[in-house]
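S.K.: Got a structure for you, questions after.
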Amino acid sequence: MSVISSGIATGSAEFKRNAAQFQLLLDDLRERRRRARAGGDAAAKERHTQAGKLLPRDRVEALLDPGSPFFELGELAGDGMYGSNPPGAGIITGIGRVSGRVCMIVANDATVKGGTYYTMTARKHVRAQRIAWQHRLPGITLVDSGGANLPDMAGIFPDSGQYGSVLHQLIRQSAEGIPQLSVVHGACTAGGAYTPALTDQTVIVRGQGYIHLGGPEIVVAATGEVVDRETLGGAEMHTFRSGVTDYLAADDRHALGVLRRLVSNLPARPAPFSPPETPRPPRYDPREIYGIIQSDSKLQTDTREIIARLVDDSRFDEFKPNFGDTLRCGFAHWGGYPVGIVANQGVLMSESSVKAVQFIDMCCKRDIPLLFMADVTGFMVGRDAEWGGIAKHGAKMVQAMSSANVPKYNLVIGNSYGAGYMGMCGRPFEPHFSFGWPNGRAALMGPEQAATTLAMVQRRKRERLGQEWSQEEEEAFRAPIREQFTSFANMNNYAANLWIDSILDPAETRTAMSLLLDLAARMPPRPTSFAVLRM
């Protein structure tokens with residue numbers, strides 16, 4: 001592989017202007033993360049600690065191996081959706097190492113509305129489980145939840161992908177031999193009571209954990225029986241009498257110690273099917289990406305310069321560099337593991353589309369994961385493009401991408417509009433993970449395109465009716481459309497809606513992808529059969 005030779009002048013005015021603009025985006029991301037990690041308000045946290053409980057994030061930290069990282073997912077889920085509630089949707093999800101095993105950890109945050117489930121809470125829990133299932137990661141649930149948020153019933157109860165799917169996926173993963181463990185740290189009520197009952201092994205904390213399908217109030221309403229919470233579903237009752245739980249702990253730390261022991265008895269992680277090379281850092285500082293990304297979204301960023309700051313030793317073996325040059329395809333190592341990179345360098349043309357098909361086919365035959373780095377306004381339009389078969393060539397690219405059974409990752413590093421969002425393995429095509437950088441944008445089309453398109457439709461309508469339309473009136477029509485599309489396309493909106501798994505700082509991307517490629521290397525290869533390709 002050849003080393004990418006960088007042509008970036010880090011002292012230039014353009015670099016400094018880009019870096020200053022990107023710093024504003026990073027500052028906003030860090031503030032959003034700070035709010036998410038803060039959990040509930042001071043009064044809620046005080047009640048939590050006064051009850052002798054560890055705060056939810058302290059539980060996760062105590063569970064993890066000392067000094068090991070926690071790769072949090074869906075951190076900004078629900079951001080701005082529930083009034084004054086902080087983002088995170090009242091639940092913490094992420095990948096971490098426990099007793100040497102890499103696990104998926106799901107922890108209710110009872111400082112946020114008692115850990116009750118909103119629509120986004122359920123979706124975030126389901127997404128974490130699906131990632132764990134795909135990578136065969138043991139599932140650990142730290143339970144402390146008051147159950148469903150009743151007014152949000154439509155988003156929690158009736159459909160696939162909501163809370164019922166949490167139980168369904170837990171059952172199916174256990175049936176496939178993927179270990180499922182839980183600790184009941186606090187409330188575990190209604191349908192949520194089935195979670196510890198369905199896990200392989202369950203720990204409960206004396207005096208603070210309790211499990212019941214119907215609380216004392218519901219029991220009185222349903223049967224007239226008056227019973228206190230501890231007698232109805234307390235830790236000692238479930239450990240000594242009902243048998244719902246398996247281990248009794250004195251407090252949170254004791255429970256997490258028991259859980260760590262249980263995890264230590266699980267089978268070891270499978271070895272990589274292809275052992276990695278020794279990782280080598282890039283020859284250029286990844287933080288230079290801040291000054292490389294164009295602050296003007298209408299300008300195309302040189303993706304070779306970005307790749308040079310992410311891959312091992314800045315080495316990149318580009319495929320067909322002289323053909324279809326609006327799409328860069330090539331092989332690299334990332335954290336020691338091989339990866340095929342598909343990165344935009346302009347609008348997708350027929351030539352770049354068919355190049356992508358050939359490259360994706362090679363990666364599938366060689367069992368090399370694919371990373372799609374999206375910065376594209378779409379596929380080429382116009383008479384020449386249509387006569388040249390852009391519809392069938394673009395379709396072939398989408399078919400190859402969708403059919404590929406190697407691990408796939410989507411990273412929005414700039415624009416990701418229209419069919420380009422689809423072709424670059426957008427979320428509807430179920431990449432193993434989807435991420436965005438703070439500057440990323442994704443929508444049906446760009447704000448100006450949308451405003452122009454709808455304004456043309458409106459002008460024609462007025463002309464048919466014989467109505468005048470001044471420039472001032474047209475601009476007043478365009479402005480809210482631009483605003484709507486700009487707001488929608490923002491990665492903060494995608495993170496809040498869980499349309500991406502996380503917003504990454506470019507400087508974090510190498511570490512994050514190294515972890516995920518390590519997980520991918522331990523998954524058995526899956527053969528790929530392509531759909532019928534229109535030639």
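The values are calculated or read from the model by the stated rules, or taken from the named source; none is laboratory data. Being a predicted model, the structure only gives us computed values, none of them experimental. Here Cβ is always computed from backbone atoms with ideal geometry, including for glycine, and neighbour counts include all displayed protein chains. Note: areas computed on protein heavy atoms with side chains; ligands, DNA, RNA excluded. Shrake-Rupley method; radii C 1.70, N 1.55, O 1.52, S 1.80 Å.
S.K.: For region 136-152, does any single residue satisfy the condition of being open to solvent by 10 Å² or more (accessible area, probe 1.4 Å), assigned to a helix (DSSP H, G or I) and farther than 30 Å from Glu230 by Cα?
M.R.: Looking for residues that are open to solvent by 10 Å² or more (accessible area, probe 1.4 Å), assigned to a helix (DSSP H, G or I) and farther than 30 Å from Glu230 by Cα, one finds none in region 136-152, hence no.
S.K.: Go through (1) open to solvent by less than 20 Å² (accessible area, probe 1.4 Å); (2) at negative phi; (3) of a type outside the set (A, V, I, L, M) one by one and return the number of the condition Cys425 breaks.
M.R.: (2)
S.K.: Okay, next question. Scan region 364-384 for residues that are outside any strand (DSSP E or B) and either in contact with a helix residue (DSSP H, G or I) (Cβ under 6 Å, 6 or more places away or on another chain) or polar (S, T, N, Q) (or both) and jot them down.
M.R.: Pro369, Thr377, Gly378, Met380
S.K.: With the condition kept exactly as written, say whether any residue in region 87-110 is more than 22 Å from Ile131 (Cβ to Cβ) and of a type in the set (D, E, K, R).
M.R.: Within region 87-110, not a single residue is more than 22 Å from Ile131 (Cβ to Cβ) and of a type in the set (D, E, K, R).
S.K.: Which one of the conditions (1) closer than 18 Å to Thr377 by Cβ; (2) surrounded by 23 or more Cβ atoms within 10 Å (Cβ to Cβ) does Ala400 fail to meet, given that it meets all the rest?
M.R.: Of everything listed in (1) closer than 18 Å to Thr377 by Cβ; (2) surrounded by 23 or more Cβ atoms within 10 Å (Cβ to Cβ), Ala400 misses just condition (1).
S.K.: Let me ask something else about it. Would you call Val220 surrounded by 18 or more Cβ atoms within 10 Å (Cβ to Cβ) and assigned to a helix (DSSP H, G or I)?
M.R.: no
S.K.: Continuing with this model, one more query. Residue check: is Leu170 out of contact with any Phe, Trp or Tyr (no Cβ under 7 Å at 6 or more places or on another chain), at pLDDT 95 or above and not in a loop (DSSP other than H, G, I, E, B)?
M.R.: yes
S.K.: Another question about this same structure. Which of the residues that make up region 278-335 are touching a Leu at 6+ places or on another chain (Cβ under 8 Å) and assigned to a loop (DSSP other than H, G, I, E, B)?
M.R.: Those that are touching a Leu at 6+ places or on another chain (Cβ under 8 Å) and assigned to a loop (DSSP other than H, G, I, E, B): Pro282, Thr326, Gly335.
S.K.: Still on this structure, please answer the following. Would you point out which residue out of Arg37, Arg59 is in contact (Cβ under 8 Å) with a residue 12 or more places away in the chain, part of a helix (DSSP H, G or I) and out of contact with any His (no Cβ under 9 Å at 6 or more places or on another chain)?
M.R.: On the way: Arg59 fails: out of contact with any His (no Cβ under 9 Å at 6 or more places or on another chain).
On inspection, the qualifying residue turns out to be Arg37.
S.K.: Regarding region 155-163, can at least one residue be identified that is surrounded by fewer than 18 Cβ atoms within 10 Å (Cβ to Cβ), within 17 Å of Val106 (Cβ to Cβ) and in contact with a Lys or Arg (Cβ under 8 Å, 6 or more places away or on another chain)?
M.R.: Yes - at least one qualifying residue is present in region 155-163.
S.K.: Can you find even one residue in region 85-100 that is touching a Lys or Arg at 6+ places or on another chain (Cβ under 8 Å), of a type in the set (Ser, Thr, Tyr) and surrounded by 16 or more Cβ atoms within 10 Å (Cβ to Cβ)?
M.R.: There is at least one residue in region 85-100 that is touching a Lys or Arg at 6+ places or on another chain (Cβ under 8 Å), of a type in the set (Ser, Thr, Tyr) and surrounded by 16 or more Cβ atoms within 10 Å (Cβ to Cβ).
S.K.: When you scan region 416-443, how many residues do you find that are outside any loop (DSSP other than H, G, I, E, B) and either within 12 Å of Met491 (Cβ to Cβ) or free of Cβ contacts under 8 Å to residues at least 12 places away in the same chain (or both)?
M.R.: Residues in region 416-443 being outside any loop (DSSP other than H, G, I, E, B) and either within 12 Å of Met491 (Cβ to Cβ) or free of Cβ contacts under 8 Å to residues at least 12 places away in the same chain (or both): 8 in total.
S.K.: Pick from region 114-128 the residues that are in a helix (DSSP H, G or I) and not aliphatic (A, V, I, L, M): which of them is farthest from Ala77 (Cα to Cα)? Spell out how you get there, then give the answer.
M.R.: Going residue by residue through region 114-128, those that are in a helix (DSSP H, G or I) are 114-115, 119-128.
Cutting the leftovers down to not aliphatic (A, V, I, L, M) gives us 114-115, 119, 121, 123-125, 127.
Values: Gly114: 17, Gly115: 14, Thr119: 10, Thr121: 8, Arg123: 9, Lys124: 7, His125: 11, Arg127: 11 Å.
Residue satisfying both the conditions and the ranking: Gly114.
S.K.: Something else: Please give the number of the condition Ile481 fails out of (1) of a type in the set (Val, Ile, Thr); (2) more than 19 Å from Cys364 (Cβ to Cβ); (3) out of contact with any Pro (no Cβ under 9 Å at 6 or more places or on another chain).
M.R.: Result: Ile481 fails condition (3) only.
S.K.: Suppose we filter region 463-485 for residues that are in a helix (DSSP H, G or I), among the small types (Gly, Ala, Ser) and over 30 Å from Gly78 (Cα atoms); how many remain? Break it down into steps so the answer makes sense when it comes.
M.R.: Filtering region 463-485 for residues in a helix (DSSP H, G or I) gives 463-464, 471-485.
Add one more test, that the residue is among the small types (Gly, Ala, Ser), and what stays is 476, 479.
Cutting the leftovers down to over 30 Å from Gly78 (Cα atoms) gives us 476.
Result for region 463-485: 1.
S.K.: Another question, then. Looking at Lys396 and the list (1) farther than 16 Å from Phe429 by Cβ; (2) part of a helix (DSSP H, G or I); (3) not acidic (Asp, Glu), which single condition is not satisfied?
M.R.: Checking Lys396 against (1) farther than 16 Å from Phe429 by Cβ; (2) part of a helix (DSSP H, G or I); (3) not acidic (Asp, Glu), the one that fails is (1).
S.K.: From the list Lys355, Lys392, Lys320, which residue is closer than 30 Å to Asp518 by Cβ and either at pLDDT below 95 or open to solvent by 40 Å² or more (accessible area, probe 1.4 Å) (or both)?
M.R.: Working: Lys355 fails: either at pLDDT below 95 or open to solvent by 40 Å² or more (accessible area, probe 1.4 Å) (or both); Lys392 fails: closer than 30 Å to Asp518 by Cβ.
Of the residues listed, the single one that is closer than 30 Å to Asp518 by Cβ and either at pLDDT below 95 or open to solvent by 40 Å² or more (accessible area, probe 1.4 Å) (or both) is Lys320.
S.K.: Name every residue in region 236-270 that is part of a loop (DSSP other than H, G, I, E, B) and among the β-branched types (Val, Ile, Thr), in order of residue number.
M.R.: Correct list: Val244, Thr245.
S.K.: Please pick out the residue among Asp228, Asp252 that is of a type in the set (Asp, Glu) and open to solvent by less than 70 Å² (accessible area, probe 1.4 Å).
M.R.: On the way: Asp228 fails: open to solvent by less than 70 Å² (accessible area, probe 1.4 Å).
Being of a type in the set (Asp, Glu) and open to solvent by less than 70 Å² (accessible area, probe 1.4 Å) holds for just one of Asp228, Asp252, which is Asp252.
S.K.: Given the condition closer than 24 Å to Ile140 by Cα and either among the hydroxyl-bearing types (Ser, Thr, Tyr) or under 25 Å from the mean Cα position of the chain (by Cα) (or both), answer yes or no: does some residue in region 13-34 qualify?
M.R.: So in region 13-34, the residues closer than 24 Å to Ile140 by Cα come out as 33.
Next, only the ones that are either among the hydroxyl-bearing types (Ser, Thr, Tyr) or under 25 Å from the mean Cα position of the chain (by Cα) (or both) stay: 33.
Checked region 13-34: at least one residue is closer than 24 Å to Ile140 by Cα and either among the hydroxyl-bearing types (Ser, Thr, Tyr) or under 25 Å from the mean Cα position of the chain (by Cα) (or both).
S.K.: Are any of the residues in region 486-496 closer than 30 Å to Gly74 by Cα, open to solvent by 60 Å² or more (accessible area, probe 1.4 Å) and among the β-branched types (Val, Ile, Thr)?
M.R.: yes
S.K.: Out of Thr10, Thr49, I need the residue that is without any contact (Cβ under 8 Å) to a residue 60 or more places away in the chain, surrounded by fewer than 16 Cβ atoms within 10 Å (Cβ to Cβ) and either of a type in the set (Val, Ile, Thr) or in contact with a helix residue (DSSP H, G or I) (Cβ under 9 Å, 6 or more places away or on another chain) (or both). Which one? Before you say what the answer is, go through the steps one by one.
M.R.: Numbers: Thr10 fails: without any contact (Cβ under 8 Å) to a residue 60 or more places away in the chain.
On inspection, the qualifying residue turns out to be Thr49.
S.K.: When you go through (1) open to solvent by less than 50 Å² (accessible area, probe 1.4 Å); (2) in contact with an Asp or Glu (Cβ under 9 Å, 6 or more places away or on another chain); (3) touching a residue at least 24 places away in the same chain (Cβ under 8 Å) one by one for Gln458, which number turns out not to apply?
M.R.: For Gln458, the exception is condition (3).
S.K.: A follow-up question, please. Being surrounded by fewer than 22 Cβ atoms within 10 Å (Cβ to Cβ) and either within 16 Å of Ala132 (Cβ to Cβ) or in contact with a Pro (Cβ under 9 Å, 6 or more places away or on another chain) (or both) is the filter here; which residues of region 181-217 pass it?
M.R.: Once the filter is applied, which keeps residues that are surrounded by fewer than 22 Cβ atoms within 10 Å (Cβ to Cβ) and either within 16 Å of Ala132 (Cβ to Cβ) or in contact with a Pro (Cβ under 9 Å, 6 or more places away or on another chain) (or both), region 181-217 yields Leu198, Asp200, Gln201.
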